[in-house]
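Chemist: Can you read through this structure? Questions will come right after.
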Amino acid sequence: MQKLMEIVEQRVGDVTILRLKGRLELDDGDMILRSHVDGLVQQGRVNVVLDMTDVTRMDSAGIGMLVGKYMTVKNRGGMLRLLHLTDRTSRLLHVTRLESVFEIFEDEQTALGAFR
């Protein structure tokens, strides 16, 4: 059985890029993201970029997990930023008015530079 969500991690200085692939949905998808970000926070890695290029679906649980992990890293003095939203993901964040909460980037270098 295929996992709902796969995450490839890349570290660039004190920023961690998480490249998400698959479905960010209730159960496995949102729990995989939660576990991964919580592990980073435990290591003190609280500057995170989520590359959403390959997110194929996202439901309310996925949106809730994004907000929850945003608060987790923010409360530890870090920041979670979003990169390469798909049209569907962008619409979901617009409808939920979360586009005003998250910093959203189309260019990886600009997203990384925002941490300086």
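Computed from the coordinates by the stated procedures, all read-outs in this text should not be read as laboratory data. None of these values were measured; they are calculated from a predicted model. So basically every Cβ, Gly included, is an ideal-geometry build from the backbone, and we count neighbours across all protein chains shown.
Chemist: Normalise the Debye intensity by I(0) for the chain, one equal point scatterer per Cα, no solvent, then take log10 at q = 0.16 Å⁻¹ and round to two decimals.
Modeler: Reported log10 I(q)/I(0), two decimals: -0.66.
Chemist: Could you list which residues have their amide H under 5 Å from that of THR56, counting only those 5 or more apart in sequence or on another chain, with H placed in the peptide plane?
Modeler: It is GLY22, ARG23, LEU24, by chain and number.
Chemist: May I pose another question? Which residue, MET65, GLY44, ILE7, has the largest displacement toward the positive end of the dipole of the chain when charges sit on each Cβ (Lys, Arg +1; Asp, Glu -1)?
Modeler: GLY44
Chemist: What is the dipole size for the chain, taken about its Cα centre, with +1 at each Lys and Arg Cβ and -1 at each Asp and Glu Cβ, in debye to the nearest 20? Numbers along the way, then the final one.
Modeler: Numbers: 16 positive and 17 negative charges, 52 e Å.
Using Cβ point charges on Lys, Arg, Asp and Glu, the chain gives about 260 debye.
Chemist: Run the helix sum for the chain: -39,500 (n - 2.57) per DSSP H stretch of 4+ residues, divided by residue count, reported at 222 nm to the nearest 500 deg cm²/dmol. Provide the component values of the computation, followed by the final result.
Modeler: On the way: 4 runs with 46 residues, N = 116.
-12000 deg cm²/dmol, from helical runs alone.
Chemist: Please sort by residue number the trypsin sites (Lys or Arg not before Pro) in region 1-60 whose DSSP state is loop and whose Cβ has at most 13 other Cβ atoms within 10 Å. Please list the in-between numbers first.
Modeler: Working: sites: LYS3, ARG11, ARG19, LYS21, ARG23, ARG34, ARG45, ARG57; in loops: LYS3, ARG45.
Filter output for region 1-60: LYS3.
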